[in-house]
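Before any comments, here is the structure.
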Amino acid sequence: MATEVRSGTPLIEWEPCLQQAQPLQPEGVYRLPSWTRLAANTFQCRVRITEEAEGFSIAMPSLPGVVSQGDTQEEAIAHIKEAFQGVVESYREDNEEIPWAEVTEPADNATKELWIVVHV
């Protein structure tokens, strides 16, 4: 199910992406993709967003330290995109690899997972 946000970037809810999951072990534990490079400067990343008492918190578990918040879901998504862009630009300026982390633990029940597209 796609959702349109103010910036015009489509969000894809996580459930349809489960078809792409790869088995890790026979017990049925799956490793879900958490990011994809769509082009040289375009990334598709999984984020986790949680509604709080006063807005939304959002994190990109595949890139440690990339977190943000917003009064609305759309604002939180815009802020996480800005945070991601800043982190990636910093790594590029320092000629360092982006330290992607493998995400193997599922989100809790209060957290929604979405894909976002970010241009750097």
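The values are calculated or read from the model by the stated rules, or taken from the named source; none is laboratory data. This is a predicted model, so every value here is computed, not measured. Glycine gets a Cβ as well: all are built from the backbone with ideal geometry, and neighbour counts include every protein chain shown.
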Residue match in the range 84-95 (condition: modelled with pLDDT of 95 or more and within 12 Å of the chain's Cα centre (by Cα))
yes
Select from the range 59-113 the residues that are farther than 18 Å from Ala40 by Cβ, charged (D, E, K, R) and either touching a Pro at 6+ places or on another chain (Cβ under 7 Å) or in a helix (DSSP H, G or I) (or both) and list them in ascending order.
Glu74, Glu75, Glu82
Is it true that Gln73 is surrounded by 13 or more Cβ atoms within 10 Å (Cβ to Cβ) and closer than 20 Å to Ala107 by Cα?
yes
